[in-house]
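Scroll down for the structure; my scribbles are underneath it.
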Ligand SMILES: [Zn+2]
């Protein structure tokens, strides 16, 4: 039985239709038809804690809109896909990269629409050590005008120049001050085709 602190009553019927949500390794959250966050599974809370994100769970907890919890250029894309998956009653799948300093990770996100709302399930499909060449941190990555570093939200490489995005593991492990997030051209074209 799911604790009432992690599921809104309106979403409880959908959640209780799945018995394994709290024992699976996947991170799962639930959305009401208006895209309000209505459920988090144990895996999601563990993931948030392990990645230093407890503040995210507090800031965007039950009752908040998913549209406020997603940031950056991909927000409209996700919101539209969640809405359309619910309205059509059809699952949506999306594969993306979410690497750490040491490991290359690819994730797959899958939606399970029901009458009461939508479950969004994310699992790792690839989790292996990196093969990409590593660059060292250097000030040449900072934008001369703003002094900010620009990082791709998917592959997590850092912008170096118009044609170059580099893998800087030291900065992925310990993010420096002054980072702004966006998408590199490759990830944008690959993950969000027009
Ligand atoms: Zn990228």
Inset, instruction - Taking just the C-alpha trace of region 4-129, give me its Rg and Dmax in Å. - result: 14.1, 42
Inset, instruction - Please compute the Cα-Cα pair-distance distribution of region 139-191 with 10 Å bins starting at 0, giving whole percents from short to long. - result: 26, 59, 15
Inset, instruction - With springs connecting C-alpha atoms under 10 Å apart, model the chain as a Gaussian network and identify which of 101, 145, 173 has the largest mean-square fluctuation. - result: 145
Inset, instruction - Compare 131, 106, 93 in a GNM of the chain, Cα atoms joined below 10 Å, and give the one with the largest fluctuation. - result: 131
Legend entry - Value of [θ]222 nm, deg cm²/dmol, for the chain, DSSP H segments ≥ 4, -39500 (n - 2.57) each, nearest 500: -6500 deg cm²/dmol
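Over its Cα atoms, what ratio of radius of gyration to 2.2 N^0.38 Å does region 113-163 give?
Against the compact-globule rule of thumb, the ratio is 1.83.
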Inset, instruction - With springs only between Cα atoms under 10 Å apart, run a GNM on the chain and tell me which of 158, 18, 47 wobbles the most. - result: 18
Inset, instruction - Subtracting the Cα-Cα distance from 0.36 nm times the residue separation, let me have the gained length for residue 147 to residue 87 in nm, one decimal. - result: 17.2 nm
Inset, instruction - For residue 126 paired with residue 23, estimate the spin-label separation in nm (one decimal), with each label point 7 Å from Cα along the Cα-to-Cβ line. - result: 3.1
Legend entry - Mean separation of Cα contacts under 8 Å (6+ apart) over length of the chain, as relative contact order %: 17
Inset, instruction - Rank the residues 120, 28, 128 as a footprinting-exposure proxy: fewest other Cβ atoms within 10 Å of their Cβ go first. - result: 128, 28, 120
Legend entry - Relative contact order [Cα under 8 Å, 6+ residues apart], region 139-191, whole percent: 36
Inset, instruction - Give, in nm to one decimal, the length gained when the segment between residue 185 and residue 60 is fully stretched (0.36 nm per residue of separation minus the Cα-Cα distance). - result: 42.1 nm
Legend entry - Nearest-0.05 FRET efficiency for residue 136 and residue 106, computed from C-beta distance (R0 25 Å): 0.45
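None of the figures in this text is laboratory data; all of them are computed from the coordinates on show. All of these numbers come straight from a predicted model, not from anything done at the bench. Using ideal geometry, Cβ is built from the backbone for each residue, glycine included, and neighbour counts are taken over all protein chains shown.
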